[in-house]
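The next block holds one structure in the form of structure tokens; read it before the comments.
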Amino acid sequence: MKKLFAILSLGLIIVGCNTTTNEAYTITGNAKGVHNGMRVRLAKIDEKGQQVIKDSAIVMEEKFTIKGTVEEPGIHFLSIDGNRGNVIFMLENSPINIELNKDIPMESEVTGSTSNESYKAFQKGMEKYREEGNTIMSEFRALGKEEATEKRDSIKKALDNLRERQAAYPLSFVQDNSDNYFALNLIGLESNRPNYDVVAYKKAFESFPSELQNSNKGKEVKEILDKKYEDFQKIAHLEVGNMAPKFEAPTPDGKMASLDDMRGKVTIIDFWAAWCGPCRRENPNVVKVYEKYHDKGLEIIGVSLDGKQARQQDPKKAWLEAIAKDKLTWNHVSSLMYFNDPVAKLYNITSIPATYILDSEGKIIAKNLRGPALEQKISELLN
């Protein structure tokens, strides 16, 4: 639940749509409740991702003014000494007014910047997801200690669906708004998120007008996309629809097991570890799926990323104890090399839990499914 709220409360920082014909900007601020002599600071993000001060002004009689120029619209931050938080807004060469909320800077009202209107429009779209998430969580809290298994499952499915739609929103927005700085900057910002669809974002970028592609922001985004695409090409064989790479690895008793041993069966390759809390919490669900569908043709091969490191001095013991305690009665392999495990490297595993779901021919059908989504996919394949 906490992870969902983290996703829903993201304040996406993005660039607005149109450049202006003005040669300079003038920020006029109304700072109600801010004492005389307090300094307001204007900052931006540098190439290293660090916030750097660009200018500042002194508040007098609850007002301040900052003047300057920018080459093109860009995200900036306004802060008040002694107050936490920032006003996040699009700065462009135009007259800009800021009605400062000193208690909640993020709720300050910014007007006069065309590009900032685009930023606000996108945030309004994001707010719909936050509101929907709050409604779903209210239903969850209303259950209290009531068991209500069916209702809880329904809420979990609603949350999963919300996550999927929220995650897809930025790409959809870029595809529908391929003529403005706002969408251009969003491409770069989303590149830091897991499961970034570089192919789709690259295609969207290439549909932007040449003047945007050749702008400073456009060149920066292109560099990000080119690097991401180069990395993607190295693991493209792991995409859904391709045959899963074959492997062989040691079992707990020292013998060797291979993916070919599962041929002819729907198979889950489950990357996990005894030390991985989220993995252990997901194990009961995997056990449930295995017990329900094993007789219908489901196999699981667990690939453990246990290995000697700070938290494990005896990784094999921890591995075996976790298998027994969690009642994982399927196939298990591990080289006990932590993330240097050869199978983990073959499948580009950088975090766990992680899963690959294969059909009976060994083709990758889905990846990283958990909870109801995992059971639903296995049900589709076997029923």
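The values are calculated or read from the model by the stated rules, or taken from the named source; none is laboratory data. Computed from a predicted structure; not experimentally measured. With ideal geometry, Cβ positions are generated from the backbone for all residues, glycine too; neighbour counts draw on all protein chains shown. Quick note on the areas: whole protein, heavy atoms, side chains included, nothing else; ligands and nucleic acids left out. Shrake-Rupley method; radii C 1.70, N 1.55, O 1.52, S 1.80 Å.
A few points about this structure:
- Restricted to segment 337-377, and to residues there that are in a loop (DSSP other than H, G, I, E, B) and open to solvent by 50 Å² or more (accessible area, probe 1.4 Å), the residue that is nearest to residue 236 (Cα to Cα) is 348.
- Residue within segment 313-322 that is part of a strand (DSSP E or B) and either open to solvent by 30 Å² or more (accessible area, probe 1.4 Å) or under 24 Å from residue 255 (Cα atoms) (or both) present: no
- All strands (runs of 3 or more DSSP E) inside segment 23-99 with 3 or more residues being of a type in the set (Lys, Arg): 39-45
- When residue 380 is tested against (1) open to solvent by 20 Å² or more (accessible area, probe 1.4 Å); (2) assigned to a helix (DSSP H, G or I); (3) within 20 Å of residue 274 (Cβ to Cβ), only condition (3) is not met.
- Test: residue in segment 179-201 that is farther than 22 Å from residue 49 by Cα, buried (at least 20 other Cβ atoms within 10 Å of the Cβ) and free of Cβ contacts under 8 Å to residues at least 40 places away in the same chain: no
- Residue 331 meets the conditions (1) open to solvent by 30 Å² or more (accessible area, probe 1.4 Å); (2) more than 18 Å from residue 357 (Cβ to Cβ) in every case but one. The failed one is (2).
- Qualifying residue in segment 239-246 (condition: surrounded by 20 or more Cβ atoms within 10 Å (Cβ to Cβ) and in contact with a Ser or Thr (Cβ under 7 Å, 6 or more places away or on another chain)): no
- In segment 310-333 there is no residue that is of a type in the set (A, V, I, L, M) and under 26 Å from the mean Cα position of the chain (by Cα).
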